[in-house]
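Enquirer: One structure follows; several queries about it will come next.
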Amino acid sequence: MSWHPEIEELARRLAAARQMGGPEKLARQQAAGRMNARERIAAVADEGSFREIGALSGFASYSDAGEMTAFQPANFLFGRANIDGRPVVLTADDFTVRGGAADASLHRKLIEAERLAAEYRMPLIRMVEGTGGGGSVRTLETSGHTYIPEIPGWEVMVANMSQVPVVALGLGPVAGLGAGRQVMAHYSVLVEKMSQMFVAGPPVVAAAGEHRTKEELGGAHIHAANGAIDDRVESEAEAFARLRQFLSYLPSSVDELPARGPVRDKRRAGVDRGEEWLASAVPRESNRLYPIRPIIETVMDKGSWFEIGREWGLGVVTGLARIDGWPVAVIASNPEALGGLWTAATARKVERMVDLADTFHLPVIHMVDNPGFMIGRRAEEDGTIRWGSRALAAIYQASVPWCAVVLRKAYGMAGSGHAPADRFRWRLAWPSGDWGSLPISGGLEAAYRAELEAAEDPIARLAEIKARLERVRSPFRTAERFGVEAIIDPRDTRAELIEFANLAQRALKPGTKGRGLRP
């Protein structure tokens, strides 16, 4: 006797599972311009590398004779795969089965996917497209009871944020638990016009008296601007490309260090001086703005700059790059947005990038032109000092090597966040450096009020005082007192950063980071 009948039964069940929600639902998914779950897996995984786990799970109906008459596969697919040769855990929601609702899934599959990533130290990729956590209220009739809500496996998702890279791609409407899974990631994107994210969708919101379309309620443009996601993209293909690029800078887990990539940019330290235009990149007039991104792209390895969060927290530009092949995290003041002032959103963005860098052992390069925290009634309403203090706490809790390149301003409490002051400070200032507890122009009249009131010509005396202070504020005076470790020719910035990136490898240590409470 052989096991051929059971082997044939296995083949039938696998075929049924691959039918997903059936021809009609698959056609509807295609008509909406969206790939189905299995197409997405095939597009992301290296060819032939995907090994599905739980392929037979689902909900079957049987005849009185015990024969299976119908089968609805679970709408959460996961398995092992390779991306650019690296083992990962790959998951995908199947919207063609009950709209991706969790009542059509098996919660254990979702939990086991998270556990697999955690225990075997593999990056986790979520391709999210689902309508919620508990499914439809119609499930109450079939279950015959209700329940106090809980999220099975949430603790594993939380733990994974400090263990392995987690990427979430929102590839359709995402709500409820789906939205929670979308934002519980180190990098998350939504596809423009295709993906929306909300706590509750338009029908539920309408019951509360607010009538919105999906785009009006939670379109990608909304969440890219508020920081709930990191970026929005134009297509699923772009989402997959950004996933691959993001992972290329990170180790597979915190137990490893980031790998050095190919050294394609042959400009070497001490040999090749950078582009001449850097000598005049920062205007002499302190109130003139200038673009920061060309400076970043010039001093990093060519073609390696990967910006994250372009549409929110505009006072800083953040992202990943390579220096001499080594992955680094970049935080750079953006003078073109409020002069580089730190708003509440900017501070949140700084905190998020510092935590990513510290978790995955990426040296930080901070390019500084920071005139301080945003002031005024709006800044107070936004709780700027709370979020700013949290960002400073993150900077001081970080243990990775840190290099500050002070391009121009570093003022006040926010300016003190240019680098952690409790360990060796690798600081490189350009000759345009301008720093202090308060800008001279902002505190002059208050500090010298009595002298100005007693002067015969207050305007002339003010100009005289300003001229004296302008001489004192020279960055060379600071360097004389070892208040800054180096003032460099801007054209030598890349050469200096190559030295830093290579020596930083000696200070990096793998492992999980422990952090204290933040304000």
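Enquirer: Determine, for each peptide in 484-492, 168-176, 217-225, the mean count of other beta carbons within 10 angstrom over its residues, then list the peptides with the highest first.
Expert: The packing order, highest mean first, is 168-176, 217-225, 484-492.
Enquirer: Give the shape of the stretch 270-386 as rounded, prolate or oblate, defined through the alpha-carbon gyration tensor: a ≥ b ≥ c are the square roots of its eigenvalues, a/c under 1.5 means rounded, and otherwise the shape is prolate if a/b is larger than b/c and oblate if not.
Expert: Verdict is oblate for the stretch 270-386.
Enquirer: Between Phe71 and Arg212, what's the calculated FRET efficiency when r is the beta-carbon distance and R0 is 51 Å? Round to 0.05.
Expert: 0.85
Enquirer: Report ³J(HN,Hα) in whole Hz for each residue of the stretch 72-87, in order, from the Karplus equation J = 6.51 cos²θ - 1.76 cosθ + 1.60 where θ = phi - 60°; Gly and Pro get x.
Expert: Ordered by residue, 3J(HN,Hα) equals 10, x, 4, 9, 10, 9, 7, x, 8, 7, 10, 10, 6, x, 9, x Hz.
Enquirer: Stretch Arg310-Leu508 to full length: gain in nm at 0.36 nm per residue minus the Cα-Cα span?
Expert: Gain in length upon complete extension: 68.5 nm.
Enquirer: Let me ask you something else. If I take R0 = 51 Å and measure r between the Cβ atoms of Arg481 and Asn226 in this structure, what FRET efficiency does the formula 1/(1 + (r/R0)^6) give, to the nearest 0.05?
Expert: The pair Arg481/Asn226 has a calculated efficiency of 0.75.
Enquirer: What fraction, in whole percent, of alpha-carbon pairs in the stretch 2-90 exceed 15 Å separation? Walk me through the intermediate numbers first.
Expert: Numbers: 2614 of 3916 pairs.
Counting pairs separated by more than 15 Å, the tail of P(r) holds 67 percent.
Enquirer: With 10 Å bins from zero, work out the P(r) of the chain over every alpha carbon pair and list the percent per bin.
Expert: Over the chain, the share of Cα pairs per 10 Å bin runs 4, 17, 25, 22, 15, 9, 5, 2, 1, 0, 0, 0 percent.
Enquirer: What number results when the radius of gyration of the stretch 173-277, computed over Cα atoms, is divided by 2.2 N^0.38 Å?
Expert: 1.53
Enquirer: Let me ask another. With 31 Å as the limit, write out which pairs from Lys214/Lys513; Lys349/Lys466; Lys25/Lys214; Lys266/Lys509 have Cα-Cα distances beyond it, or answer none. Please report the intermediate quantities before stating the final value.
Expert: Values: Lys214/Lys513 39 Å; Lys349/Lys466 36 Å; Lys25/Lys214 20 Å; Lys266/Lys509 27 Å.
With Cα atoms farther than 31 Å apart: Lys214/Lys513; Lys349/Lys466.
Enquirer: Looking at the stretch 301-399, which trypsin sites (Lys or Arg not before Pro) are in a loop (DSSP not H, G, I, E or B) and have at most 16 other Cβ atoms within 10 Å?
Expert: Details: sites: Lys302, Arg310, Arg322, Arg348, Lys349, Arg352, Arg377, Arg378, Arg386, Arg390; in loops: Lys302, Arg310.
For trypsin sites (Lys or Arg not before Pro) across the stretch 301-399 that sit outside H, G, I, E and B with at most 16 neighbouring Cβ atoms in 10 Å, the list reads Lys302, Arg310.
Enquirer: Would you mind calculating the relative contact order of the chain from Cα pairs under 8 angstrom and at least 6 residues apart, reporting the percent as a whole number?
Expert: 9
Enquirer: Show me the ranking of peptides 119-128, 255-264 by mean Cβ neighbours inside 10 Å, starting with the highest.
Expert: Details: 119-128: 21.7, 255-264: 13.9.
My ranking of the peptides, most packed first, is 119-128, 255-264.
Enquirer: Then there's this: Take every Cα pair under 8 Å in the stretch 308-355 that's 6+ residues apart, average their separations, divide by the length, and report that relative contact order as a whole percent.
Expert: That works out to 41 percent.
Enquirer: Provide the packing ranking of 154-165, 455-466, i.e. peptides ordered by the mean count of other C-beta atoms within 10 Å per residue, highest first.
Expert: For the peptides 154-165, 455-466, the packing ranking is 154-165, 455-466.
Since every read-out is calculated from the coordinates, none of them should be taken as a lab result. Since this is a predicted model, take the numbers as computed values, not measurements. Counting neighbours? That spans all protein chains shown, and the Cβs are built from the backbone with ideal geometry, glycine included.
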